[in-house]
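A.B. asks: The structure is given below, and queries will be raised subsequently.
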Amino acid sequence: MNVPTDRKYTETHEWFLPNDDTVTMGITQYAADELTDITYVELPEVGTTVKVGDQIGEVESVKATSDINTAVGGEVVEVNTALVDHPELINDDAFDDGWMIKIRPDSTEPLTALLDAKEYTSFVQDAV
Amino acid sequence: MMESVLETPLYDTHVEMGGRMVEFAGWSMPVQFAGITEEHIHTRTACSVFDVSHMGRLKLTGDDCESFLNRLCTRNLSGADVGRSYYTHMCREDGGVLDDLIVSRFELHWGIVCNGINRVKIITWLSKHNPKTDVTIKDETLSTAMLAIQGPKTLELAQELVDTDLSSIKRYRFKTFELMGIPITIYRSGYTGEDGFEVVIPSGVVKMLVPRLLGTKEQPHPVIKPAGLGARDTLRIEAAMPLYGHELSEEIDSLTAGQDWCVDLTKDFIGAEPMRKLKEQGLPRRLVGLRLEGRRIARQHYKVYGDSREVGEITSGTLSPTLGVSIAMAFVAGEFVEEGTELGVEIGSKRVAATVVKLPFYKRPK
């Protein structure tokens, strides 16, 4: 299973990649594969303020609809608008082209409590 | 304790071919191989093979079969032709649908194909109603395998594999013959809205047949590809074929489900009386097709609104890979079933506009 080591993960299959002053988030390739073909993505607008644990959007596939929750609070500064017309980008490359939003975090502290790549990998493998 | 999950004789083949296995109706089945949308389009344009061995396959023998089945089935089976299959429902006394099934008349026996999820229920129902008949019921689900080969190129490609003239098997007809000494029954039917065949063969030999159909992992067939239950579902939704547990259930009668074509109210069968009454009084709700605005999918149990009140419920929905629009089926109140009626579907916190459209959503070009 391909799980990049440069970022943090939740047990609900979101990933968080800290950059200079923002955190990029998306869902993992495992989650995208499990959902099957993604047909629709709903994301917040730029400028939205979010708190830790807030639902920031939804992904919908042929099989299911899933909520997306953020593990960091702050302001949404960028949204991957390409996903509106091409939600399949998440299936193609969940960790890169399939990113969802960038948040300017109030604090990156909550990230320390999340899973690292190794922990996430074993979490998924245990779940199977 | 959960009962153990059944595996079809092709379980290993699916895993080897990259199938993602999920539990369905008590069986471990592939939900997808290359991807649901890709498999869907491939079935509409070429040829796909689905393992449908989870479907129940029953063999009924005895002189009383015809009258016995005619009393239990909505369809008139009296004088059924040998070599022909009949889509029918089996209902409770109150008209609620126990299952939808295919009944086939062989020369010396009758065959039933029922939903995997209802196999035990149907066997129990049949057994309960035949104490005074000479009918014997044999469950052949585990001793046989069933494949659905579907798509516009099926006839041409399948013909390369057998000597028997397949084009002579017309829609809803079947033929039993030997292939390499193996008894095989080929039905011209399916659940995709495409032309195709459904094949039943002994479970012990199905693995031998598969490489002839699909090739191997190293050398896959250039045209015939495996497909999973995910595509099977989106294909049947486009073709507006009912799925038990969605458009059909014990709480729904055959008429409300829009399947009156398989119901003969002039004969007596279990469930006929309440359906006659219902027909006389007019159906309070009916199954309709909906076309939704946008790309969101309406799923089972989502609420349908008309004139700003709740008037129905979604049964199935998908983003149609063929049409590129969001489609759904729903039960709605009688006054909202006309084509062109504007309705709304509650998706999350939003109300999405939907229009009543004619079913099926997709019809294959003749």
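A.B. asks: Return the residues of the range B:37-66 that are away from chain A (no Cβ under 13 Å) and in a helix (DSSP H, G or I); say none if nothing qualifies. Give the steps one after another, and end with the answer.
C.D. replies: Step one: of the range B:37-66, the residues away from chain A (no Cβ under 13 Å) are B:42-66.
Across the range B:37-66, the qualifying residues are B:H42, B:T43, B:R44, B:T45, B:C65, B:E66.
Every residue, every condition in (1) over 17 Å from B:V103 (Cα atoms); (2) of a type in the set (A, V, I, L, M, F, W, C); (3) touching a strand residue (DSSP E or B) at 6+ places or on another chain (Cβ under 6 Å); (4) outside any helix (DSSP H, G or I), yes or no:
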| residue | (1), (2), (3), (4) |
| --- | --- |
| B:V120 | no, yes, no, no |
| B:P131 | yes, no, no, yes |
| B:I137 | no, yes, yes, yes |
| B:M146 | no, yes, yes, yes |
| B:I149 | yes, yes, yes, yes |
| B:P152 | yes, no, no, yes |
| B:L161 | yes, yes, no, yes |
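A.B. asks: Which one is farthest from the other protein chains (Cβ to nearest Cβ) among residues in the range A:4-39 that are among the hydroxyl-bearing types (S, T, Y) and touching a helix residue (DSSP H, G or I) at 6+ places or on another chain (Cβ under 7 Å)?
C.D. replies: Per the criteria, the residue is A:T5.
A.B. asks: Examine the range B:309-316 for a residue that is within 30 Å of A:E88 (Cβ to Cβ), within 14 Å of chain A (Cβ to nearest Cβ), surrounded by fewer than 16 Cβ atoms within 10 Å (Cβ to Cβ) and among the small types (G, A, S), and state whether such a residue exists.
C.D. replies: no
Rundown of residues vs (1) within 20 Å of B:R20 (Cβ to Cβ); (2) within 14 Å of chain A (Cβ to nearest Cβ); (3) out of contact with any helix residue (DSSP H, G or I) (no Cβ under 8 Å at 6 or more places or on another chain), yes/no style:
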position: B:E198; (1), (2), (3): no, no, yes
position: B:P211; (1), (2), (3): no, no, yes
position: B:E218; (1), (2), (3): no, no, yes
position: B:D233; (1), (2), (3): yes, yes, yes
position: B:G245; (1), (2), (3): no, no, no
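A.B. asks: Looking at the range A:44-61, can you tell me whether even one residue there is part of a loop (DSSP other than H, G, I, E, B), within 14 Å of chain B (Cβ to nearest Cβ) and within 23 Å of B:G19 (Cβ to Cβ)?
C.D. replies: No, there is no match, as no residue in the range A:44-61 is part of a loop (DSSP other than H, G, I, E, B), within 14 Å of chain B (Cβ to nearest Cβ) and within 23 Å of B:G19 (Cβ to Cβ).
A.B. asks: What are the residue pairs meeting all of these: first residue in the range B:13-36, first residue under 16 Å from B:A145 (Cα atoms) and away from chain A (no Cβ under 13 Å), second residue among the acidic types (D, E) and surrounded by 21 or more Cβ atoms within 10 Å (Cβ to Cβ), Cβ atoms under 9 Å, and 6 or more apart or on different chains?
C.D. replies: Matching pairs, first to second residue: B:T13/B:D51; B:H14/B:D51; B:M29/B:D51.
A.B. asks: Just checking, which of B:V263, B:V356 is more than 25 Å from B:Y86 (Cβ to Cβ) and either modelled with pLDDT of 95 or more or surrounded by 13 or more Cβ atoms within 10 Å (Cβ to Cβ) (or both)?
C.D. replies: Sole residue among the options that is more than 25 Å from B:Y86 (Cβ to Cβ) and either modelled with pLDDT of 95 or more or surrounded by 13 or more Cβ atoms within 10 Å (Cβ to Cβ) (or both): B:V356.
The values are calculated or read from the model by the stated rules, or taken from the named source; none is laboratory data. This structure is a prediction, so every number in the text was calculated from the model and none was measured. Using ideal geometry, Cβ is built from the backbone for each residue, glycine included, and neighbour counts are taken over all protein chains shown.
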